[in-house]
1. Report the net charge of residues surrounding Gln399, where surrounding means a beta-carbon distance below 9 angstrom and charges are Lys +1, Arg +1, Asp -1, Glu -1.
2. How large is the dipole of segment 389-548 about the Cα centre if only Lys and Arg carry +1 and Asp and Glu carry -1, each at its Cβ, rounded to the nearest 20 debye?
3. Which of Cys178, Gly202, Phe156 sits farthest toward the positive end of the charge dipole of segment 148-208, with +1 on the Cβ of Lys and Arg and -1 on the Cβ of Asp and Glu?
4. If the chain between His454 and Arg385 were fully stretched, how many nm would it gain, using 0.36 nm times the residue separation less the Cα-Cα distance?
5. Starting from the Cα of Glu285, move 7 Å in the Cα-to-Cβ direction to define the label point; list residues of segment 540-580 whose amide nitrogen is under 19 Å from there.
6. What does the extension gain come out to for Asn302 and Cys186, with contour length at 0.36 nm per residue minus their alpha carbon separation?
7. Is segment 116-196 best put as rounded, prolate or oblate by its Cα gyration tensor, with a ≥ b ≥ c the root eigenvalues, rounded for a/c under 1.5, and otherwise prolate when a/b is larger than b/c, oblate when not?
8. Please turn the phi angles of segment 414-430 into ³J(HN,Hα) values with the Karplus equation 6.51 cos²θ - 1.76 cosθ + 1.60 (θ = phi - 60°), one per residue in order, whole Hz, x for glycine and proline.
Amino acid sequence: MTSLSSSTMGARSYGPSSSSACSNLSPMSGHHHYHQCVAISSISPKRYGPRKVSMQSNRCLFSNVIRMQDGVVGDVATTVTPSENETPFKNLKDGFLSVTPPEEGIDAAGFNINEGKSTVSITVVGASGDLAKKKIFPALFALYYEGCLPEHFTIFGYARSKMTDAELRNMVSRTLTCRIDKRENCDEKMEQFLKRCFYLSGQYDSQENFADLDRKLKEHEAGRVSNRLFYLSVPPNIFIDAVRCASLSASSANGWTRVIVEKPFGRDSDSSAALTRALKQYLDEDQIFRIDHYLGKELVENLSVLRFSNLIFEPLWSRQYIRNVQLIFSEDFGTEGRGGYFDNYGIIRDIMQNHLLQILALFAMETPVSLDAEDIRNEKVKVLRSMRPLQLEDVAIAQYKSHTRGGVTYPAYKDDKAVPKDSLTPTFAAAAFFIDNARWDGVPFLMKAGKALHNRRTEIRVQFRHVPGNLYKRNIGTDLDLATNELVIRVQPDEAIYLKINNKVPGLGMRLDRSNLNLLYSARYSKEIPDAYERLLLDAIEGERRLFIRSDELDAAWSLFTPVLKELEEKKIVPEYYPYGSRGPVGAHYLAARYKVRWGDLEVDQ
């Protein structure tokens, strides 16, 4: 019997005769393998021929998607009735093939394939923390509410806090909300979801406690093929202990095991590499899902669609037409209780090295070969490796100070009890990056990120070059910003894409005005935009790695920031101070002016 591996899938060698599907399954450690083989009788290559894609148009119809281990997917329409000699596919995910042959459910080799039904067990490690309560459990419920989770699934909370199943459900229920457009059966759905949630108290470094978790998971898996997802919602110093114990005591014996790891992924190149090496003692790279929730945001997801499926943008996406690119992140609140954590990392590590750099890589990458996860991540790595390491003269840092406005006094960063009084940790940073390749040579990519600023927003601003020999130069004058177009992609809040153009004001004279061609998502789409964690959790369950960070990508990202971070700390650079609720420090404007750039968010966009 010939085995059907990922390599044979790549060759697409389907024949009408009987063959077998052998999935090469790895436990969490990645060092022990076995084969599960199921015979396939008379597959029709025309009807069931696979096509390699990375995204599905309707992601929540699990029974209609066939997924192979190497990402090959075939869509099976539920309305198709197979002929007498054809075998209908029911489900194939990450190498698990569930086939229902004719008659008694027995395949050609005599196996009872009904025993191959699978289940997904999701364990939230650190279930009593804020991230779990505010983001992870609500995202899982939203997926359940939309019909995106498999038929058989179980959710376990695991933490050191003593708690019963009922107490966990009570805690989780306070943060669950239903979709705006589907509220009629909300209470019923919540009740059904909470019945699938359980809790186990244990230590993160205890193999015995994780063995108890394994026994409880097996009780709920009830003999099905067990696929297990662990979400590490814990501080980074606990990662390795939790992974080690889960690997040795609670990994799946006959299905896949995956681990979602939250940032920060180290503090610099050395600590990040050490963390990766430690994780890889127990996990293969394809089992590690390094999550950056900004990659799951709708407008970040839309970046490649906007660029690669609209002819008007792709030809302009280069140094020939683009003057500068700005990536802006601002929050209108301070650390507020997170001062102890934040002081150890600062705004550069917390926001710029991950969120903004990931957006930059997606924005600037070359056209990938396909939408396959590895093709996209390969192009992102190329961009990061083409970038110049950040220099100290291209960085401006600052820290917010106390400010009184409208009779209200807002605290300084150092007023946080968990922050040392002599802290030099920046709460604001601006930086200029350059990509040394043919497409972007000489184009400044400016980033700025800060807390306790005048508003909350995340956006990408693309400022185009001025029109050569502009006929209306007299009407515009010397204002270069008015003379050029600007594309703005507002990631949050009030998601929107708008293009600033010059337009004639109605009337007898020739007066120009700047107007916006605006796609405001709330006006265009009535459907509620899913939270980023929903998309990323669903991707992890499906084995889709496109929006997760690969280890070489992480190495390349840290190599850009590590030298300047060390220099800032060794030289004890004192940050500039800016008032709480202001537009930020003056140093950011000097930095931009050096490259003849004006920050686009200074204007009030309509």
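The values are calculated or read from the model by the stated rules, or taken from the named source; none is laboratory data. Predicted model only: the values in this text are computed from it and were never measured. Because the Cβ atoms are built from the backbone with ideal geometry, glycine has one as well, and the counts that use them run over all protein chains shown. With ligands, DNA and RNA removed, areas are computed over all heavy atoms of the protein, side chains included. Shrake-Rupley method; radii C 1.70, N 1.55, O 1.52, S 1.80 Å.
1. Values: positive: Lys401, Lys414; negative: Glu576.
Combined, the nearby Lys, Arg, Asp and Glu give +1.
2. On the way: 24 positive and 20 negative charges, 133 e Å.
The dipole magnitude comes to about 640 debye.
3. Cys178
4. On the way: separation 69, 0.36 × 69 = 24.84 nm, distance 3.44 nm.
Gain in length upon complete extension: 21.4 nm.
5. 540, 543-560
6. Values: separation 116, 0.36 × 116 = 41.76 nm, distance 2.95 nm.
Stretched fully, the Asn302-Cys186 segment lengthens by 38.8 nm.
7. Numbers: a/c = 1.84, a/b = 1.19, b/c = 1.55.
The shape class here is oblate.
8. Residue by residue, segment 414-430 yields 6, 6, 5, 4, 8, 9, x, 5, 9, 4, 10, 5, x, 9, 9, 8, 10 Hz.
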